[in-house]
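Since the structure comes first, as structure tokens, the remarks are kept for the end.
None of the figures in this text is laboratory data; all of them are computed from the coordinates on show. If you're wondering where the values come from, they're calculated on a predicted model, not measured in any experiment. Heads up, the Cβs are rebuilt from the backbone with ideal geometry, glycines too, and the neighbour counts pull from every protein chain shown.
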């Protein structure tokens, strides 16, 4: 199983995310994510033995309890790129309100899952929704221009849970399915 920990966005956000992605359609080299599957990745686990789902779920429950973060409001707004404006590999939608709660949740999730033997993250956590991956730099200038000019707000929602999610790679793109849900 290819697994990651996520906070999923409501399906009502799919249309405004698709509208936001449409603004970038003229940028050569972008491979857009499915707006119906929009989420914040809290921790990528990779290929994982299905027999480990129980211990991972227990670790997530402990992490959520340790974080002490109950349900919270999160506003998905603003644009950014990783790793930099000069070398763009990911175009993302940011988190305004709720960003601190995402970070407070992610730290113990990272800690507990590293304790179980998963690879530690090499970068600081920035809560975001991936809008597209840049396969080549053909449209870099347009992406840079739109990221600088636009300040979109997709919406606000209540975050109530983190999910253990399976990613199945298909020819048309990944399909995500919730394996376990841990309430805040």
(request) Exactly one condition in (1) in contact with a helix residue (DSSP H, G or I) (Cβ under 7 Å, 6 or more places away or on another chain); (2) part of a strand (DSSP E or B); (3) over 27 Å from residue 146 (Cβ atoms) is not met by residue 62; state its number. (result) (2)
(message) Suppose the filter is under 12 Å from residue 42 (Cα atoms), in a loop (DSSP other than H, G, I, E, B) and free of Cβ contacts under 8 Å to residues at least 60 places away in the same chain; does residue 122 pass it?
(response) no
(request) Tally the residues that are under 23 Å from residue 13 (Cα atoms) and either part of a loop (DSSP other than H, G, I, E, B) or without any contact (Cβ under 8 Å) to a residue 12 or more places away in the chain (or both), restricting the search to region 125-144. (result) 3
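Take the residues in region 3-33 that are in a loop (DSSP other than H, G, I, E, B) and in contact with a helix residue (DSSP H, G or I) (Cβ under 9 Å, 6 or more places away or on another chain); name whichever of them is nearest to residue 154 (Cα to Cα). Give the steps one after another, and end with the answer.
We begin by selecting, within region 3-33, every residue in a loop (DSSP other than H, G, I, E, B); these are 9-10, 23-29, 33.
Then drop every residue that is not in contact with a helix residue (DSSP H, G or I) (Cβ under 9 Å, 6 or more places away or on another chain), which leaves 9, 23-24, 26-29, 33.
Values: 9: 11, 23: 14, 24: 15, 26: 21, 27: 21, 28: 24, 29: 24, 33: 16 Å.
Here the residue is 9.
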(request) Mind telling me which of the residues 74, 14 ends up being farther than 23 Å from residue 142 by Cβ, touching a residue at least 60 places away in the same chain (Cβ under 8 Å) and surrounded by 16 or more Cβ atoms within 10 Å (Cβ to Cβ)? (result) 74
(message) Need the failing condition index for residue 104 against (1) surrounded by fewer than 17 Cβ atoms within 10 Å (Cβ to Cβ); (2) in contact with a helix residue (DSSP H, G or I) (Cβ under 8 Å, 6 or more places away or on another chain); (3) touching a residue at least 40 places away in the same chain (Cβ under 8 Å), just the number.
(response) (3)
